[in-house]
Amino acid sequence: MSNISLLRFPSVVRMGNQCISTFLSGDLEMIHARKIMLVTDPGIVKAGLAEIVQNVLEAKHIRYCLFSDVEQEPSIETVKTCIAYAKEEKCDTFIGLGGGSAMDVCKAVALCVADNVDIDSLFGMETIKRPGLHKVLIPTTSGSGSESSPSIVLSDHHNNTKKAIWSRYVLADIVYLDSDMTIGMPKSVTGGSGVDALCHAIEAYMATNSNFVTDNFALTALNQIGKHLREVYQNGKNREARLGMMGASFLAGMAFGGSGLGCVHALAYPFTTLFGYPHGNAQGMSMPNVLRFNKLGHEERFAQIARSLNLIDVSAMDAKDAAEAGIDAIEQLINDVGISTKLRDYPGITPDRFLEMGKIAIESNGRLVNTNPRPMTVEQAVKIYQQSY
């Protein structure tokens, strides 16, 4: 646990059913928005969720344009295309509507258009000199935590890696957590995004930069996930569970924004960059055996994770047994929401690729490896892939 912490949070958060239709137009007036860019993806448009926001804007005659070409695991090239369009339309306010992909693109574009800078110059820690243009984030999944975190993650297709930007200026000006946006989420997305939130909360709690504030965010998120994830996967129309998972994702984002993440994310990245598997699913694929690796010397904190999730009763167990039982219960939860934890179940992932994957995981993700609770080498990463096969 670090002695000096940097905590960064969004400015305004509205949470509750229909908070978008109730407050969005007034909030945009409050920040003097003149021309909006709505950043989203084709699936959100097809599902009718973009129309909900568009109707609010049109009812108040608020000028806007639509960029709906964000892909899963968005690329640097997509951000550059969106920047060019935003400049052409002279946008001064950006609404990110979707999962982490759309929200990350929104945040990146708002920063680059403000200072007329190239996105390639911003990767790293605190490279941004001043706030960008206004950023309004509306998550339609419950997992990425992008709505509450000071980070942006983009795919570098030239190097088969992901690059990150961390800055206080990445944070949203306004966030809306509205269950209307998640009530129709497919089961596959509900499961994958829920596991993503689970991973964020666990890794934030275990990260070397954790502190008592981020710990409380993470443990509260875990309690909500343990209470709601199975239910919302089975009954997607349960608004209480939907809102509970939105709150969990938000809290987990604030937690890892202050503490960092770890090697579950590092070992998951090759699943997305090399094989195209969704980000949340990739966390589930790598999580159980990375947690077992990290458990050594950290049994009490893993026992606390088990208590907070409350998936099983560990009250009579010592820390070692509670930690082991808790990780087993986490693996069962991942399987129960439709994600196999066996790599052999995924086409394309074969043992002959493990060394390549291990090198990408460890050598290209220093920011994640450095905050993992236990040091990890390429050889150890390869062994974890083997154990997961």
Search result, residues across the stretch 296-318 that are within 22 Å of Glu231 (Cα to Cα) and without any contact (Cβ under 8 Å) to a residue 60 or more places away in the chain:
Ala306, Arg307, Ile312, Asp313, Val314
Taking the stretch 330-360 as the search range and keeping residues that are of a type in the set (Lys, Arg) and surrounded by fewer than 15 Cβ atoms within 10 Å (Cβ to Cβ), which one is nearest to Ser388 (Cα to Cα)?
Lys342
Can you name the residue in the stretch 25-41 that is charged (D, E, K, R) and assigned to a helix (DSSP H, G or I) and is also surrounded by the fewest Cβ atoms within 10 Å (Cβ to Cβ) among such residues?
Glu29
Any residue in the stretch 210-230 that's buried (at least 22 other Cβ atoms within 10 Å of the Cβ): show its pairings with residues that are modelled with pLDDT of 95 or more and not in a helix (DSSP H, G or I) at Cβ separation under 7 Å, as long as the two are six or more apart or on different chains.
Gly226/Asn310; Gly226/Leu311; Leu229/Val337
The residue from Val382, Val314 that alone is surrounded by 16 or more Cβ atoms within 10 Å (Cβ to Cβ), of a type outside the set (S, T, N, Q) and in a loop (DSSP other than H, G, I, E, B) is Val314
Scan (1) closer than 22 Å to Thr161 by Cα; (2) out of contact with any Phe, Trp or Tyr (no Cβ under 9 Å at 6 or more places or on another chain) for the single condition Met245 breaks and write down its number.
(1)
Of the residues in the stretch 151-207, those that are touching a strand residue (DSSP E or B) at 6+ places or on another chain (Cβ under 8 Å), of a type in the set (A, V, I, L, M, F, W, C) and either touching a residue at least 60 places away in the same chain (Cβ under 8 Å) or over 21 Å from Met357 (Cα atoms) (or both) come to Ile152, Leu154, Ala164, Ile165, Trp166, Val170, Leu171, Ala172, Ile174, Val175, Leu177, Met181
Only one of Val79, Val70 is under 24 Å from Ala50 (Cβ atoms), hydrophobic (A, V, I, L, M, F, W, C), under 20 Å from the mean Cα position of the chain (by Cα) and part of a loop (DSSP other than H, G, I, E, B), namely Val70
I'm trying to understand the selection: among the residues of the stretch 265-286, which are assigned to a helix (DSSP H, G or I), of a type in the set (A, V, I, L, M, F, W, C) and more than 15 Å from the chain's Cα centre (by Cα)?
Leu267, Phe271, Met285
Could you check how many residues of the stretch 25-42 are free of Cβ contacts under 8 Å to residues at least 60 places away in the same chain and in contact with a helix residue (DSSP H, G or I) (Cβ under 9 Å, 6 or more places away or on another chain)?
4
So which of Leu261, Leu333, Leu291 is assigned to a loop (DSSP other than H, G, I, E, B) and in contact (Cβ under 8 Å) with a residue 60 or more places away in the chain?
Leu261
Among the residues of the stretch 190-223, what is the count of those that are within 16 Å of the chain's Cα centre (by Cα) and either within 10 Å of Ala252 (Cα to Cα) or of a type in the set (S, T, N, Q) (or both)?
17
Which of the residues belonging to the stretch 361-377 are surrounded by fewer than 16 Cβ atoms within 10 Å (Cβ to Cβ) and at pLDDT 95 or above?
Glu363, Asn370, Pro375, Thr377
Lys135 fails exactly one of the following numbered conditions: (1) in a strand (DSSP E or B); (2) surrounded by fewer than 22 Cβ atoms within 10 Å (Cβ to Cβ). What is the number of that condition?
(2)
Does Leu274 satisfy the condition of being within 24 Å of Glu71 (Cα to Cα) and surrounded by fewer than 21 Cβ atoms within 10 Å (Cβ to Cβ)?
yes
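The values are calculated or read from the model by the stated rules, or taken from the named source; none is laboratory data. Since this is a predicted model, take the numbers as computed values, not measurements. Glycine gets a Cβ as well: all are built from the backbone with ideal geometry, and neighbour counts include every protein chain shown.
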